[in-house]
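These notes concern the structure reproduced below.
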Amino acid sequence: MKPLALFAAPLLLACSSLLSAAPAVDQLRLSVIPTASSSGAAEAMVVSGGRWGTQRHLLHAAVLIEHPQGRFLFDTGLGHETAEAFARNNWLNRTLLAYENLNPARDQLEAAGYQASDIDFILPSHLHWDHLGGLPDFPGLPVLILPGALEEAKTHGEPPAFLAEQLEGEREWRQIELDNASYNGFDRSLDLFADGTLVLVDLSGHTAGQVGMFVNLPSGKRLFLIGDTSWTERGVEQNKPRPVFVQWISHVDSDRERNSEQLKRIHELHQRDPDLLIVPAHDEVVAAGLAHFPHFEE
Ligand SMILES: [Zn+2]
């Protein structure tokens with residue numbers, strides 16, 4: 001029996017790791033999953049007043065949120081099928097938006113013992129290609145959106161910002177209704193799990209129905225994920241939008257003026273409350289200061 005027992009123990013371990021699901025959590029935690037980085041651009045290309053001599057490698061990330069009442073991805077970053085959709089871009093945008101170091105969120109989750117079915121839903125900050133790229137890797141999961149987001153993407157969406165292929169297929173798009181409860185300078189909000197830990201607000205401007213999310217961690221650390229209202233912390237600190245020529249080339253913002261109003265609101269919030277960490281979706285420097293999967297901010 002002994003040889004069998006010796007053999008069986010590692011086998012059991014192997015089986016349990018194959019079957020193991022994501023751990024249960026008793027309080028909120030958050031982890032950044034880097035899925036790719038941009039091939040590089042001068043900082044002056046990503047924020048007005050940025051330096052030409054500073055090279056930026058903007059990040060494409062998914063953010064894993066684990067809460068006792070649900071586990072979800074805020075944005076998906078880039079995924080297995082992004083290249084196919086990306087190839088539909090013209091040469092100029094393929095060059096400007098080139099990316100490298102692709103490592104889809106699904107692969108990283110599975111390497112840590114999670115399964116796609118451990119995720120309950122996807123909450124994209126907005127429906128641009130670089131935030132939805134991993135969506136096809138999670139078939140069947142509902143996607144939470146604010147009113148107007150899907151209509152804009154499907155009706156007016158054009159490459160390079162929106163890639164129609166990513167919006168196709170059978171999927172439940174679940175509309176979020178914000179309450180008339182003001183929060184941190186925003187008129188309406190949604191306390192996602194009704195415990196004050198995760199609060200959603202409308203950041204329309206960059207796109208219709210862009211979602212911002214406040215994250216209040218048990219440690220007292222507080223974050224505000226602002227999607228693409230600004231690509232950089234520098235833009236928030238100095239209240240500087242993206243350069244105008246970037247808008248000309250790639251039509252980055254659906255409503256540039258409204259996005260500037262949102263940026264100003266976040267800039268003022270940052271002045272009033274400097275302990276609130278503002279997290280632009282693509283700022284690789286801010287992201288480097290946060291726990292990366294499989295480690296967590298708690
Ligand atoms: Zn983006």
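The values are calculated or read from the model by the stated rules, or taken from the named source; none is laboratory data. Just so it is clear, the model here is predicted, and its values are computed rather than measured. Neighbour counts are summed over all protein chains in view; Cβ atoms, including those assigned to glycine, are modelled from backbone coordinates with ideal geometry. Side chains are part of the model used for accessible areas, which takes the heavy atoms of the whole protein and leaves out ligands, DNA and RNA. Shrake-Rupley method; radii C 1.70, N 1.55, O 1.52, S 1.80 Å.
Rounded to the nearest 500, the helix-only mean residue ellipticity at 222 nm of the chain stands at -7500 deg cm²/dmol, with each DSSP H run of n ≥ 4 adding -39,500 (n - 2.57).
Treating r as the C-beta distance of residue 88 and residue 261 and R0 as 25 Å, the FRET efficiency rounds to 0.20. Less than 18 Å apart at the alpha-carbon level, and either on another chain or at least 8 residues along: which aspartates and glutamates does that give for residue 154? Within the straight-line limit of under 18 Å, residue 154 reaches these aspartates and glutamates: 130, 165, 168, 170, 172, 253, 255. Accessible surface of residue 57, taken over heavy atoms with a 1.4 Å probe and every protein chain present, rounds to 70 Å².
Shown for region 150-298 is the translational diffusion coefficient from the Stokes-Einstein equation, using the Kirkwood radius over Cα pairs, a temperature of 20 °C and a viscosity of 1.002 mPa s: 129 µm²/s.
Stokes-Einstein diffusion coefficient for region 80-190 at 25 °C in a medium of 0.890 mPa s, Rh from the Kirkwood formula over Cα pairs: what value in µm²/s? This corresponds to a translational diffusion coefficient of 157 µm²/s. Mind pulling the per residue volume of the convex hull built on the Cα atoms of region 25-288? Å³ is fine. Taking the convex hull of the Cα positions in region 25-288, it is 120 Å³ per residue.
To the nearest 10, the accessible area of residue 172 is 90 Å² with a 1.4 Å probe. Of 287, 22, 194, the residue with the greatest mean-square motion in the GNM of the chain, using alpha carbon springs below 10 Å, is 194. Given a 1.4 Å probe and the protein chains as shown, residue 59 ends up with an accessible area of around 20 Å². Taking every DSSP bridge with both residues inside the chain, close to 75 percent are antiparallel. Projected label points at residue 27 and residue 51, each 7 Å from Cα along the beta carbon direction, are separated by 3.9 nanometres.
Against the chain, whose longest principal axis comes from its Cα atoms, helix 256-272 is set at around 70 degrees. Of 23, 34, 142, the residue with the greatest mean-square motion in the GNM of the chain, using alpha carbon springs below 10 Å, is 23.
The angle between the Cα long axis of helix 2-19 and the main principal axis of the chain comes to about 20°, on a 0 to 90 degree scale. To check you understand DSSP bridge types, tell me what percent of the beta bridges within region 115-270 (both residues inside) are antiparallel, rounded to 5. Percent antiparallel among DSSP bridges in region 115-270 is about 75.
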